[in-house]
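I have placed the structure first, in the form of structure tokens, so that the comments after it can refer back to it.
Please treat every number below as a calculation from the coordinates, not as lab data. A quick note: this is a predicted structure, and the numbers were derived from the prediction, not measured. Heads up, the Cβs are rebuilt from the backbone with ideal geometry, glycines too, and the neighbour counts pull from every protein chain shown.
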Amino acid sequence: MVDVTFCVNGREMSANVASNKTLADFLRDDLYLTGCRIACDGGVCGACTVLVDGSPVAACSTFAFEIDKSSIETIEGLAAPDGNLHPIQQAFLKSDAFQCGFCTSGFILSVKALLEMHPSPDDRTIRDWLKGNICRCTGYKSIMDATRLASAMMLEAAP
Amino acid sequence: MALFAASAGAASYMSGGIDLINRMKSGCTIDDVIHLGAIPDRRSIDLSGDYLSLGAGVTHDAIAKSGLIRDCAPSLCDAWSPVANIRVRMKGTVGGNLMARDLSYDFPIVAIALGATFEFVTATSGLKQIGAEDLDQIEKSDLLTRIRIPGIAMQSMTLELGWKPHLAFALSFLHEGNYVRRIRLSAGSGFDRFCCSNIHLDTPLTATSIQARWSEFADRLVSDLPTPAEDWKATANYRRRLLMTLVGRKLAVLSAQGAGSNG
């Protein structure tokens, strides 16, 4: 077992985690943050994407002990405390960029990391960043549209 | 290394951890995981003379974005920018990629194509240095510290990953001014082991000369490799013919673009 302290969605926490536990299992089973989805369980599909210190990671391919002294963002922490959705969430809604929704939290967090690094990404950059997220039902055009819309909304809202 | 030696069961070093966690999920039992994250200097990228020196903990993303590498070996940055996906690039390390010794992984064929050497600290003999082609001589307890690529400014390379799992290969060119002195082909995926072949040109060639002989060069490079793997995905003969076609296309395109230039 390993003692870890970390910040998840702005809340400081500490825990004692099994050294072979994945971050995905820890978030889902111990913190009940079930927006982190497990699908391929091999770091390929991107459904379990969360942000660790702002970088996208596959929570299913990360040990829970690795988050010690890190800041974690999951889909549950994205909306404002008053319930207003984040611009990326709004853009996904407006663009109909999901159908069953299973992959959506991973896509949204990948887009958040992308737009923090590239506020106005070209299509090639969007494709490169999102090629590690797989959607089985919507197709990718609406997700590309949502990413472009989110970029525009966030740039417009920027001071 | 003392922790590794003291382990009563199976121990493993952990760099980015992506390969390790997937191996554990596949049933591989690891009793002690030794996290290398706190070791200083594992993430440095240096240019010493004509040697590019990469710490074993350098991430794939760091290679793709390194200004230092972009200045001396832009083709390496270009080849490495689209590998895997952004999550793997940001977390995965070149050391982990090499030490996994997985034929489907990409950095070993790049290291072989560029003639890299690996530096290890070993439990028995202290420091050890091996060539990239001798990857299978590594002991599990050996701790990879650095990867050194000689003559980096005189080399250019290209990577073909689009046909995995049937094939993946890297092609490198050793330049001498506007001439090419050596062409090297390395492969992993689609073979039973990492392998490479070379064409040493006694009379250095310009890009135009290579373009005129791309078919001959592709034939020679592929013929000098061992027989490809034969499995349910493809026959050895299919892989050999596919490789010859793909290498030929790369040579034709690169020479048309000016393979004589490493910029």
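Suppose the chain between B:Arg43 and B:His200 were pulled fully straight at 0.36 nm per residue; how much longer would it get relative to their current alpha carbon spacing?
Result for the pair: 53.1 nm of gain on full extension.
Is the C-alpha gyration tensor of chain A telling us rounded, prolate or oblate? Criteria: a/c under 1.5 is rounded; beyond that, a/b larger than b/c is prolate, otherwise oblate.
In terms of gyration-tensor shape, prolate.
On C-alpha positions alone, give me the angle between the axis of helix A:141-157 and the longest principal axis of chain A, in degrees, nearest 10.
Roughly 90 degrees, rounded to the nearest 10.
Residues in the stretch A:138-157, backbone N under 14 Å from the label point at A:Gln99 (7 Å along the Cα-to-beta-carbon vector): list them, ranges by number please.
Within reach of a label on A:Gln99: A:138-143.
Quick one: net charge of B:His35's neighbours, Cβ under 12 Å, K/R +1, D/E -1?
Summing Lys/Arg as +1 and Asp/Glu as -1 gives -2.
How big is the gap, in Å, between the Cα center of the stretch B:200-263 and the Cα center of the stretch B:78-111?
23
Can you give me the distance in nm between label points at B:Glu139 and B:Lys164, each placed 7 Å from the Cα along the Cα-to-Cβ direction?
Taking the simple label geometry, B:Glu139 and B:Lys164 are separated by 3.0 nm.
Expected output is a single nm value to one decimal: the length gained when fully extending between A:Ala157 and A:Met144, i.e. 0.36 nm times separation in residues minus the C-alpha distance. What is it?
Using 0.36 nm per residue and subtracting the Cα-Cα distance, I get 2.7 nm.
If you only keep lysine pairs separated by 8 or more in sequence, or across chains, how many in chain B come under 19 Å at the Cα atoms?
Total qualifying Lys-Lys pairs in chain B comes to 5.
Can you give the charge dipole size of the protein assembly as shown about its Cα centre, rounded to the nearest 20 debye, using +1 on the beta carbon of Lys and Arg and -1 on the beta carbon of Asp and Glu?
Here the protein assembly as shown has a charge dipole of around 980 debye.
Return the lysines within reach of A:Lys112: Cα separation strictly under 16 angstrom, same-chain partners fewer than 8 residues apart disregarded; answer none if there are no such residues.
Cross-link targets: A:Lys131.
Towards the positive end of the charge dipole of the stretch A:2-77, with charges on Cβ (+1 Lys, Arg; -1 Asp, Glu), say which of A:Cys60, A:Ala39, A:Val50 has the farthest Cα.
Highest projection toward the positive end goes to A:Ala39.
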